[in-house]
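Everything below concerns the one structure shown next.
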Number of protein chains: 4
Amino acid sequence: MTKEAVRALALSKLALHRAKHLIDVGAGTGSVAIEAALAHPQLQVTAIERNPAALGLLEENCRRFGCPRIERVFGVAPLVVEQPADAVFIGGSGGHLSQLIDWSLAQLTPGGRLVITFILQENLNSALTHLATCKVTGLDCQQLQASTLTALGQGHYFKAQNPVFLIACEKESHHV
Amino acid sequence: MTKEAVRALALSKLALHRAKHLIDVGAGTGSVAIEAALAHPQLQVTAIERNPAALGLLEENCRRFGCPRIERVFGVAPLVVEQPADAVFIGGSGGHLSQLIDWSLAQLTPGGRLVITFILQENLNSALTHLATCKVTGLDCQQLQASTLTALGQGHYFKAQNPVFLIACEKESHHV
Amino acid sequence: MTKEAVRALALSKLALHRAKHLIDVGAGTGSVAIEAALAHPQLQVTAIERNPAALGLLEENCRRFGCPRIERVFGVAPLVVEQPADAVFIGGSGGHLSQLIDWSLAQLTPGGRLVITFILQENLNSALTHLATCKVTGLDCQQLQASTLTALGQGHYFKAQNPVFLIACEKESHHV
Amino acid sequence: MTKEAVRALALSKLALHRAKHLIDVGAGTGSVAIEAALAHPQLQVTAIERNPAALGLLEENCRRFGCPRIERVFGVAPLVVEQPADAVFIGGSGGHLSQLIDWSLAQLTPGGRLVITFILQENLNSALTHLATCKVTGLDCQQLQASTLTALGQGHYFKAQNPVFLIACEKESHHV
């Protein structure tokens, strides 16, 4: 599951308050899709997941948190999503990142936002290398490291989470 | 100004999609108040700031980003805010943190959320020590460290931001 | 066991190449004492440990790494160490830090170096608060966060270690 | 200049207490070479630097810290160093890292240690990719992030240093 601070930054970068349709690619159990749907009742959300077990949990979570509107799609992107999106989130790190980025940019309307999170160095490289060849602007790449104050004996220490990389960019508005 | 990742986590922790009234204490130039108002059009926002120059910039930013609804209050908390709040954000680190926390909890409705961010070790200690004596639940304290990929010569390095501490908790719903 | 990067910084701060006698307080299984003894054959090393099981492992490690010179002392500081020291390392975080600091400074010759590492916020506070009242100079306090590249599936991520605090200072050379 | 915690870990990884000859490639103003020479009086140290201004400072620092033994070499590696080394440190990030690694491994005796530090993502990738094809064992790659407690107004915050990557490995002892 995407950690809280990373998810918060990802959602902020997706600029959902002015979005109409978010596609969550590799939605897992739905933490991003559901938080987005709860915070933005007007938002259409499509969650794509290729793992049937995760998709089952996602369905359950949608019921539990009262988000029946989230459209669940079983499968592997690239696949057909009919509505164009103005926000795409890629949270999984299952390889084929270049293809996934191309497909995401194809779904996005001009000016739409793409946000990707991952922990693998290899994904950082392939995403940065590939995005350098894509029609995107305003690329921002951050490394986030969070630690949580945790009781230990008589005191408290900061328990570290693994560093996560987040890339955000915008699809170019004007085709040259 | 509160850094992007910290602001995103703070806003997420404030659970504004189910809030009616946010008080931003030590609002500075308004980055939290404005992002909250833009993301949640239904939300009443009160921004308190004691620095006249910052308050001037806050007014300007409210105009620029189209948030006339944000109520600007000149002064130092504790002061009188008529409407109870279900979310209070303390972003400044100007000392008197214990008093500020007491005042914030007094403004909050039961179950309302308090979020504090700061960089000073002394504030971390005094906040944690004081909150241990307050009627709050679900206390969470995180240290966030973000670094941003930045061009240098032929390559890129992660430029570090200073670590920031964030405390979030909830005012107790039931008085014992 | 003290993590590698923290131990390296601690040993560097102890300036052992110009030291005659290092006391390792709360030596645990001896990682600092043994690395110090191996790197500096001329150095006298006293390792104090109150946990009999740890002391047993320490004895075994001394044999294994060929450091018979390390003097092992069973007990809790404060206790009597006959030789004054020019370097004291406190690696444990077992409370009573103020007393331990006072005792360490009493063992040190003027200009001798004291290095303390811990993970607990409470220890950070009590060490800083107490040292502010002691006759020390050149106080340096760092937070270290290391992460190690680790294989995961087809790639590698940086696995985080918990942040550690390190304080180093020098006993004042001249009494005023 | 290589930051203190990184330098300490680098020196520790170089295992200089059992080394005879350290080559410092891209020695800059000599912080690693000089600390190594001071800590290990028996160690032969060769410092290579291609920037004449830095080399001038290095000479001055050698005098100031009393390390006349450090052999200063003006030039760009690869160049001829007559004595084989059992420890090589690459601290600069001036590109051509693959060549520099090959040259360093050629200087090393079997079992000798190579340590590289840098801040550029591009160097991290090229070093890891290249080392995967080299005859090395025990590769360890760490990311280090240090922050220093710093006074601000009435309090103290941790001032962040940029994250640094450190790679350490050993030249294979037995050719297959």
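The values are calculated or read from the model by the stated rules, or taken from the named source; none is laboratory data. What you see is a predicted model, and the numbers here were worked out from it, not measured in a lab. When we count neighbours, we look across all protein chains shown, and the Cβ atoms used for this are built from the backbone with ideal geometry, even at glycine. With ligands, DNA and RNA removed, areas are computed over all heavy atoms of the protein, side chains included. Shrake-Rupley method; radii C 1.70, N 1.55, O 1.52, S 1.80 Å.
Mind listing just one residue for me: the one in the stretch B:160-176 that is under 19 Å from C:Pro163 (Cα atoms) and in contact with a Leu (Cβ under 9 Å, 6 or more places away or on another chain) and, of those, surrounded by the fewest Cβ atoms within 10 Å (Cβ to Cβ)?
Step one: filter the stretch B:160-176 for residues under 19 Å from C:Pro163 (Cα atoms), giving B:160-167.
Subset that is in contact with a Leu (Cβ under 9 Å, 6 or more places away or on another chain): B:161, B:163-167.
Details: B:Gln161: 18, B:Pro163: 23, B:Val164: 22, B:Phe165: 24, B:Leu166: 22, B:Ile167: 24.
Of everything passing the filter in the stretch B:160-176, B:Gln161 is surrounded by the fewest Cβ atoms within 10 Å (Cβ to Cβ).
For the stretch D:89-96, indicate whether the set of residues that are more than 15 Å from the chain's Cα centre (by Cα), more than 14 Å from chain B (Cβ to nearest Cβ) and modelled with pLDDT of 95 or more is non-empty. No; the residues of the stretch D:89-96 include none that is more than 15 Å from the chain's Cα centre (by Cα), more than 14 Å from chain B (Cβ to nearest Cβ) and modelled with pLDDT of 95 or more.
Condition check ((1) away from every other protein chain (no Cβ under 14 Å); (2) part of a strand (DSSP E or B); (3) over 19 Å from D:Gln83 (Cα atoms); (4) not small (Gly, Ala, Ser)) across all residues:
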residue	(1), (2), (3), (4)
D:Leu9	no, no, yes, yes
D:Ser12	no, no, yes, no
D:Gly28	yes, no, yes, no
D:Thr46	yes, yes, no, yes
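When every residue of the stretch A:114-134 is checked against the conditions, at least one turns out to be open to solvent by less than 20 Å² (accessible area, probe 1.4 Å) and of a type in the set (Ser, Thr, Tyr).
Conditions (1) at pLDDT below 95; (2) away from chain A (no Cβ under 14 Å); (3) farther than 23 Å from D:Leu9 by Cα; (4) outside any loop (DSSP other than H, G, I, E, B), marked per residue:
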{"position": "C:Pro78", "(1), (2), (3), (4)": "yes, yes, yes, no"}
{"position": "C:Ala87", "(1), (2), (3), (4)": "no, yes, no, yes"}
{"position": "C:Gly111", "(1), (2), (3), (4)": "no, yes, yes, yes"}
{"position": "C:Thr137", "(1), (2), (3), (4)": "no, yes, yes, yes"}
{"position": "C:Phe158", "(1), (2), (3), (4)": "no, no, no, yes"}
{"position": "C:Ile167", "(1), (2), (3), (4)": "no, yes, no, yes"}
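All conditions but one from (1) of a type in the set (A, V, I, L, M); (2) surrounded by 18 or more Cβ atoms within 10 Å (Cβ to Cβ); (3) in contact with a helix residue (DSSP H, G or I) (Cβ under 8 Å, 6 or more places away or on another chain) apply to D:Ile48; the one that does not is (3).
Take the conditions in contact (Cβ under 8 Å) with a residue 12 or more places away in the chain and either within 16 Å of B:His17 (Cα to Cα) or buried (at least 22 other Cβ atoms within 10 Å of the Cβ) (or both) and apply them to A:Lys20. Does it pass? So A:Lys20 fails the test. Just one of (1) open to solvent by less than 20 Å² (accessible area, probe 1.4 Å); (2) in a loop (DSSP other than H, G, I, E, B) fails for B:Pro68. It is (1).
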